[in-house]
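Worksheet: one structure, shown below.
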Amino acid sequence: MSTCKSSNLGYPRIGEKREWKKALEQFWAGKLDKESFLKQMEEIRLQHLQKQKDQGIDLIPVGDFSLYDHVLDTAMMFGLVPNRFEYEGEKVSLETYFDVARGNNNAVAAEMTKWFNTNYHYIVPELDHAVPALVENRPLQYFKEAKDKLNIKGKPVILGPITFIKLSKGYNASDFKTMVNQFAPLYAEILRQLEDEGAEWIQIDEPILSTTISKEEITIFNEVYQALHHAAPNLKIILQTYFDSIEHYEDVVSLPVQGIGLDFVHDQGQNLKALKKYGFPQDKVLAAGIIDGRNIWRVNLYDKLNILEKIREIVSKENLIIQPSSSLLHVPVTIKYEETIDETLKGALSFADEKLQEVIVLTKGIKEGKEAIETKVTASVEAIDRLNQSIDRNNSEVQEALESLDTYQAERQAPFIIRQELQKQAFQLPLLPTTTIGSFPQTQEVRKHRQKWRKAELSDVEYDAYIKAEIKKWIDIQEEIGLDVFVHGEFERTDMVEYFGEKLAGFQFTKLGWVQSYGSRCVKPPIIYGDVAYIEPMTIAETIYAQSLTKRPVKGMLTGPVTILNWSFVRDDISRYDVANQIALALRKEVEVLEENGIRMIQVDEPAIREGLPLKRENWESYLNAAVYAFKLATSSVQNGTQIHTHMCYSDFEAIIDAIKALDADVISIETSRSHGELIYAFEENTYDKGIGLGVYDIHSPRVPKLEEVVRNSKRALQVLDPKQFWINPDCGLKTRGVEETINALKVMVEAAEQTREQLLVKKN
Ligand code: GLN
Ligand code: ZN
């Protein structure tokens, strides 16, 4: 190639105003026929390509677009429809494609899980009984489409064979290589057809290379990529990695491909270090991921040019591609509609479209020299300085508190055994106490009231009165059901992070800053841009009102610091751990105010601790230590008799069980009913001595559980846990459930608790 090129790895699918989501949901609801749906999707896809072309991107990705998920696309391209769905072979129909993703009346949907350390979820391919065949060459279709309709010679993007199989389930680890060998010829065929069609580049994503993998697996890479190269010798393969540095650098850069894509943003400096140490092959292209594909901050172009200069000492500009660090799937589309964000902050933001501009500017800087982009560089430095100088980033009180942090501050006064005794006396709870996780159904009516209040159609007084009435209604319901520990129901909250973000200093919310989470579901993460500070009580009014209505303990409900951190876009001028501690200090204040107001059980939810785990095992410890510290900082200032609860909604926490213990929470509730056996096994291996509630029924479906099931689940847990430490609760919050089913399910749960209790007493006598 002649000179430095600009490139993109993937563009957000959802559209500027979530047109993609709307079309999907209309189609699923039967409000849009198939033909119009596909037409709309094509328009969105082409528009996105055109946009990238207009911006001036040289290598425009094609095939990154999806109607649901790119991992599902890959599986369907190989005809990997699980046996429980009807499938005749050949190209997978649109109906079957969505059935696999979403389930139908006869078959449950394929499992969904997190895409590496992001909040994007992919559909897990099932390889059992798999006889993979190339039933459709998707990248080829998209390549042709772009060429025919827009005269764009795109760069097809495809999920690589090794990562694809690693992310799949339904085979034994010992069969890994056999699996790879089954798929390699199909990939070869895809490449061959693309080459015939005139494709020049292909981006093969192998993010698995950024995780901890063995040397032996690198050998498999070598064999597979050798075969791919032979199949299409004129097609230039960019082996693309992202989200962290690569291990086995020397081996990876020697693989038989024409280009290597490295992340120079989320690599903690390791990729650059390896590049300097070991050099880079002269005959390969380096695709340098230099613009953060995961966060929303405008770059300091001066700093980026510095990094590029270091890269340039090793790689000639002819062999350099400038690009984002990963697909832009993980950031919102454009800042252009964010009129309400203050200019200082807005000036320092960059969403997908703006990031592509940054790529273009940097490419120009490399091609024509720094001087050519000088004004842009200065403007970027000034914009970031302005935000750094703003009072929002210079709260001296918060910064001083942060500086004076010590370990002692994050410890409870007394160890658990002493607290346990005091709490037992204070609460006088029965054996196997029953409780819920926090939220009760957010009915249509609740949501309507909130919307009206937001539009000022309802006054504060009216809205408060409505929320109070809901709280009262559900306190009465809980009395009637006979639960032991109550909650107020969280009717005043839409989202567990947004609610707190809106009440703390340092957070900004966007109008259209959506990103895809799974399928058509999008989330709008808050932006933590300034020092996080406590302003005023956030949960006190609702909690003490609820407590005033009953003699039973009502749990105060907060979202934990690590969850708030992991579900937000976080400022990158200070360390994430400092931000977590700022949030923790603000929550600590709320915890103290709750306690001062007589609330003696406080639950701090941390459903997102696990998903923040770094990709590399060697970095787990420092992350978990910091997470534990932040949680303890938020919760440790209370009296010994005050009971700290926490909640997590997943069960595969073997990797983090030590961290969970270290949280020193008096009671933890965990989701389990979808994988009961496995979790119990974890407790056989590990000793957990504090209060624990393993969810005894699944809240993800409207189904009311049978008494026997709940009893069985409880008893199974009691095989490994002492009855004295066991709590009975549902898997998670109940906000997505209906009123009737919730009441009925909780009645069953309470009855199951009584039955189990009785049986325990009989056994004892
Ligand atoms: N307290 C929250 C609720 O019940 C917890 C939600 C969660 O775990 N994600 O809704
Ligand atoms: Zn949960």
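Numbers for the structure displayed
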{"item": "Inverse of mean 1/r across different Cα pairs in the chain, Kirkwood, Å", "result": "27.9"}
{"item": "Distance from segment 112-184 to segment 558-609 (C-alpha centre basis), Å", "result": "38"}
{"item": "Share of carbon and sulfur in the accessible heavy-atom surface of segment 400-531 [1.4 Å probe, %]", "result": "51"}
{"item": "Separation between Cα centres of segment 706-765 and segment 405-481, rounded to whole Å", "result": "20"}
{"item": "Two-site label geometry, Asp658 and Ala682: point separation in nm, points 7 Å out along Cα→Cβ", "result": "1.6"}
{"item": "With 5 Å bins from 0: P(r) over segment 432-509, alpha-carbon pairs, percent", "result": "3, 14, 21, 22, 19, 12, 7, 3, 1, 0"}
{"item": "Separation of the Asn388 and Ser517 label points, Cα + 7 Å toward Cβ, nm", "result": "3.4"}
{"item": "Alpha carbon convex hull of segment 548-698, projected area averaged over orientations, nm²", "result": "10.2"}
{"item": "Rh by Kirkwood over Cα pairs, then Stokes-Einstein D for segment 404-456 at 1.002 mPa s and 20 °C, µm²/s", "result": "134"}
{"item": "Inverse of mean 1/r across different Cα pairs in segment 516-615, Kirkwood, Å", "result": "15.1"}
{"item": "Summed residue charge, Cβ within 11 Å of Arg610's Cβ, Lys/Arg positive, Asp/Glu negative", "result": "-3"}
{"item": "Net +/- balance of residues flanking Ala23 in space, Cβ distance below 13 Å, scoring K and R +1, D and E -1", "result": "+3"}
{"item": "Potential lengthening between Lys31 and Glu741 on full extension [0.36 nm per residue; Cα-Cα distance subtracted]", "result": "252.8 nm"}
{"item": "Segment 1-150 - percent of accessible surface contributed by carbon and sulfur, probe 1.4 Å", "result": "45"}
{"item": "Neighbour net charge for Glu216 - beta-carbon separation under 13 angstrom, K R +1, D E -1", "result": "-2"}
{"item": "Portion, in percent, of the accessible area of segment 154-287 that falls on carbon or sulfur, probe 1.4 Å", "result": "47"}
{"item": "Solvent-accessible area per residue for segment 105-241 (1.4 angstrom probe, square angstrom)", "result": "39"}
{"item": "Segment 303-367: radius of gyration over Cα atoms, expressed as a fraction of 2.2 N^0.38 Å", "result": "1.33"}
{"item": "Residue-normalised accessible area of segment 627-765, given per residue in Å² at a 1.4 Å probe", "result": "40"}
{"item": "Over 23 Å (Cα to Cα) - which of Lys114/Lys336; Lys276/Lys376; Lys21/Lys336 fall in this group", "result": "Lys114/Lys336; Lys276/Lys376"}
{"item": "Solvent-accessible area per residue, Å², over segment 4-66 with all protein chains present [probe radius 1.4 Å]", "result": "40"}
{"item": "Distance between modelled label sites at Lys455 and Ser93, nm, 7 Å Cα→Cβ extension", "result": "4.1"}
{"item": "Degrees, to the nearest 10: 19-28 long Cα axis against longest axis of the chain", "result": "70"}
{"item": "Computed FRET value (nearest 0.05) for Ser316 with Lys524, which takes r as the C-beta separation and R₀ as 30 Å", "result": "0.10"}
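The values are calculated or read from the model by the stated rules, or taken from the named source; none is laboratory data. Values in this document were obtained by computation on a predicted structure and should not be read as measured data. Here the Cβ is made from the backbone with ideal geometry for all residues, glycine too, and neighbour counts use every protein chain on show. For accessibility, only protein heavy atoms count, side chains too; no ligands or nucleic acids. Shrake-Rupley method; radii C 1.70, N 1.55, O 1.52, S 1.80 Å.
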